[in-house]
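The values are calculated or read from the model by the stated rules, or taken from the named source; none is laboratory data. If you're wondering where the values come from, they're calculated on a predicted model, not measured in any experiment. Virtual Cβ from ideal backbone geometry, glycine too; neighbours counted across all protein chains shown. What goes into the accessible areas is simple: the full protein's heavy atoms, side chains included, and nothing from ligands, DNA or RNA. Shrake-Rupley method; radii C 1.70, N 1.55, O 1.52, S 1.80 Å.
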Amino acid sequence: MSEHICRKGATAVITGAASGIGAGLARRAAELGMRLVLADIDAERLQALGASLDTEVLAVPTDVTDEAAVDQLAARAWERFGGVDLLFNNAGVMATGFTWEISQRRFEHSFAVNVQGVLNGLRSFVPRLLQQGSRSHIVNTASIGGFLPSPLMSPYSATKFAVVALTESLHGELRMLDAPIGVSLLAPGPVQSGIFDDPFGDAPEQPAVRGFVEQLRGMLRENGLSPDEFAQRVFTGINEGRYWLLPQPELLDEALKARTEGILMRRDPQLPRY
Ligand SMILES: NC(=O)c1ccc[n+]([C@@H]2O[C@H](COP(=O)([O-])OP(=O)(O)OC[C@H]3O[C@@H](n4cnc5c(N)ncnc54)[C@H](O)[C@@H]3O)[C@@H](O)[C@H]2O)c1
């Protein structure tokens, strides 16, 4: 069996690293002795995380919606460490509300971060990884919501479905080229993080939306994995060479089966149960 991607001395790049899942991945990677390139729009929290890790860290404040900034991130990673072994396109945002009440600006922001952010990562890193020629791996973060759409968060559902689709395209393309770049689609269920800190934006206050968000916040609090436990499962999956990183299958499998059967049986969509 070839050497693990997640090994001591290898270099990992993580976007959205300053909080939640990204910070958990960074801590786990540091424990494994990996060198880290950490990116986030929140420069202060990013620096604080970087300083707390016992490994070599390059912290690069980066807005993943900015193509030039992400290209700069890649350039700095290669300049500092001479190569990249693992890329997490992890940054993401939540937006809730009734679909017709969510402003165009807010929809665009969800697409810019959750979809264009991932694409910017691929545009800047894949050509460099191909040129580098050694074994490497890319993990794109979608969500269980990328398989199971939900009311009151259509920007999130739509963008995460897009990440599921584009990651399968990417995987097929790299296999067509016989490239040494592995790909994984990561679909978290609830993980304790800041994802629901600001889900309303400029959408009007609606009791139904507030109640929905409170329910989801409660689910994260009570049933959410800690980012560190989650990160352990993710790194195990990467080292096993898995495309589908579904660390909480109990929240996906039955529901996805029911949804798929529902489509094949032409049944109307069922409201998800929270
Ligand atoms: N926590 C969950 O339950 C859960 C479930 C499914 C999927 N996810 C996905 O996991 C990923 C990480 O989310 P999280 O739960 O850790 O949330 P989080 O809010 O704790 O962390 C997201 C990080 O992304 C950063 N970010 C936001 N916009 C950015 C931008 N334009 N450029 C760079 N960084 C930016 C934030 O500053 C933050 O540090 C997201 O893609 C999210 O959709 C999370």
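Give the carbon-plus-sulfur fraction of the accessible surface of the chain in %, rounded to a whole number; probe 1.4 Å, heavy atoms of protein chains only. Before the final figure, lay out the partial values.
Details: 6830 of 13070 Å².
On the chain, the fraction of accessible area on carbon and sulfur atoms equals 52 percent.
Between ASN223 and TYR243, how many nm apart are label points set 7 Å from Cα along the C-beta direction?
2.8
Please say if region 38-80 is rounded, prolate or oblate, where rounded means a/c under 1.5 for a ≥ b ≥ c the square roots of the C-alpha gyration tensor eigenvalues, and otherwise the choice is prolate for a/b larger than b/c and oblate otherwise?
oblate
State the answer as a single residue: which of ALA12, LEU251, ALA179 lies farthest towards the positive end of the charge dipole of the chain, with beta carbon charges of +1 for Lys and Arg and -1 for Asp and Glu, about the Cα centre.
The Cα lying farthest towards the positive end belongs to ALA179.
Where in region 193-233 is the amide nitrogen less than 13 Å from a point lying 7 Å along the Cα-to-Cβ axis of GLU101?
200-213
List the relative contact order of region 176-274 as a percent without decimals, with contacts defined as Cα pairs under 8 Å and 6+ residues apart. Intermediate values should be presented prior to the final figure.
Details: 60 pairs, mean separation 39.8, N = 99.
Rounded, it is 40 percent for region 176-274.
Please find the FRET efficiency linking ALA255 to TRP78, where r is the Cβ-Cβ separation and R0 is fixed at 51 Å, and quote it to the nearest 0.05. Can you show the working numbers first?
Values: r = 41 Å, r/R0 = 0.81.
So the FRET efficiency works out to roughly 0.80.
Can you quote the Å³ per residue value for the convex hull of the Cα atoms in region 179-234, rounded to an integer? All intermediate terms of the calculation are to be shown ahead of the outcome.
Details: hull volume 6.3 nm³, N = 56.
Given the Cα convex hull of region 179-234, per-residue volume reads 113 Å³.
Taking the Cα centre of each part, how many Å lie between region 145-159 and region 2-65?
28
To the nearest 0.05, what FRET efficiency results for ASP66 and SER134 with a Förster distance of 30 Å applied to their C-beta separation? Before the final figure, lay out the partial values.
Numbers: r = 28 Å, r/R0 = 0.93.
Given R0 = 30 Å and the Cβ-Cβ separation, E is 0.60.
Checking the a/c ratio against 1.5 first, then a/b against b/c, what shape does the Cα gyration tensor give for region 221-260?
Numbers: a/c = 4.41, a/b = 1.22, b/c = 3.61.
Verdict is oblate for region 221-260.
At ARG175 and GLU205, where each label point lies 7 Å from the Cα along Cα→Cβ, what is the point-to-point distance in nanometres?
With each label point 7 Å from Cα toward Cβ, the separation is 5.1 nm.
Cα centroid distance between region 204-274 and region 91-111, in Å?
Answer, in whole Å: 19.
Which value at 222 nm does the chain reach when only helices count, each DSSP H run of 4 or more adding -39,500 (n - 2.57), with the total divided by all residues and rounded to the nearest 500 deg cm²/dmol?
Theoretical 222 nm ellipticity from helices: -15000 deg cm²/dmol.
Can you classify the chain as rounded, prolate or oblate using the Cα gyration tensor, where a ≥ b ≥ c are the square roots of its eigenvalues, rounded means a/c under 1.5, and otherwise it's prolate if a/b beats b/c and oblate if not?
Details: a/c = 1.68, a/b = 1.43, b/c = 1.17.
Verdict is prolate for the chain.
With the contact rule set at Cα under 8 Å and sequence spacing of 6 or more, what percent relative contact order holds for the chain?
Values: 495 pairs, mean separation 53.6, N = 274.
Computed value for the chain: 20 percent relative contact order.
Starting with the highest mean, order 131-142, 166-177, 260-271, 44-55 by the number of other Cβ atoms within 10 Å, averaged over the residues of each peptide.
Details: 131-142: 19.7, 166-177: 14.5, 260-271: 9.2, 44-55: 16.0.
For the peptides 131-142, 166-177, 260-271, 44-55, the packing ranking is 131-142, 44-55, 166-177, 260-271.
How large is the dipole of region 193-274 about the Cα centre if only Lys and Arg carry +1 and Asp and Glu carry -1, each at its Cβ, rounded to the nearest 20 debye?
Working: 10 positive and 14 negative charges, 75 e Å.
The dipole of region 193-274 has a size of about 360 debye.
In percent, how large is the relative contact order of region 82-202, given Cα pairs closer than 8 Å and 6 or more residues apart? Walk me through the numbers before you get to the answer.
On the way: 180 pairs, mean separation 43.8, N = 121.
Relative contact order here is 36 percent.
Just need log10 I(q)/I(0) for region 51-204 at q = 0.10, 0.11 Å⁻¹, Debye formula, equal scatterers on the alpha-carbon atoms, no solvent, rounded to two decimals.
The calculated log intensity ratios at q = 0.10, 0.11 Å⁻¹ are -0.39, -0.47.
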